[in-house]
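The values are calculated or read from the model by the stated rules, or taken from the named source; none is laboratory data. Treat the numbers as computed from the prediction; the structure is a model and nothing was measured. With ideal geometry, Cβ positions are generated from the backbone for all residues, glycine too; neighbour counts draw on all protein chains shown.
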Amino acid sequence: MKSEATIRVREAQQNLLALTKKINSQVSKYLLTDEDGNLEAVLLSLPEYRSLLAAAELLLNPSVMGTMTAARQELKDNKGLKLEQAITYRAGRKQQTAKTKAKTVGAGD
């Protein structure tokens with residue numbers, strides 16, 4: 001698993017090329033600090049950055065947020081499925097879809 005590292009801004013400036021290579025293979029993010037150790041910025045890999053953007057876009061989508069709010073309420077009301085139930089349900093849906101497709105293909109013969 002990739003780790004997180006803290007580095008001073010001055011050191012990051014001097015080693016930026018090396019850090020960008022390292023961030024894609026060994027470190028998930030660098031926390032950049034000033035000379036006093038105060039956090040100033042974060043250096044992320046491009047995939048990590050894109051992942052954060054995608055998550056933010058989902059959270060800003062009213063439709064997604066509505067679905068998430070409703071799902072949370074269902075869980076609070078004990079209407080949700082346990083993991084095992086969800087897996088069984090999904091497997092059943094896949095079998096049902098496969099049967100429907102087979103019937104559709106057979107009907108066209």
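Some points to look at:
- Residues in the stretch 21-42 that are hydroxyl-bearing (Ser, Thr, Tyr) and within 16 Å of SER3 (Cβ to Cβ): SER25, SER28, TYR30.
- ARG72 basic (Lys, Arg), at pLDDT 90 or above and under 24 Å from the mean Cα position of the chain (by Cα): no
- Residues (touching a residue at least 24 places away in the same chain (Cβ under 8 Å) and either within 23 Å of the chain's Cα centre (by Cα) or surrounded by 15 or more Cβ atoms within 10 Å (Cβ to Cβ) (or both)) located in the stretch 16-57: LEU19, GLN26, VAL27, SER28, LYS29, TYR30, LEU31, LEU32, THR33, ALA41, LEU43
- Yes/no for THR67 being among the β-branched types (Val, Ile, Thr) and under 23 Å from the mean Cα position of the chain (by Cα): yes
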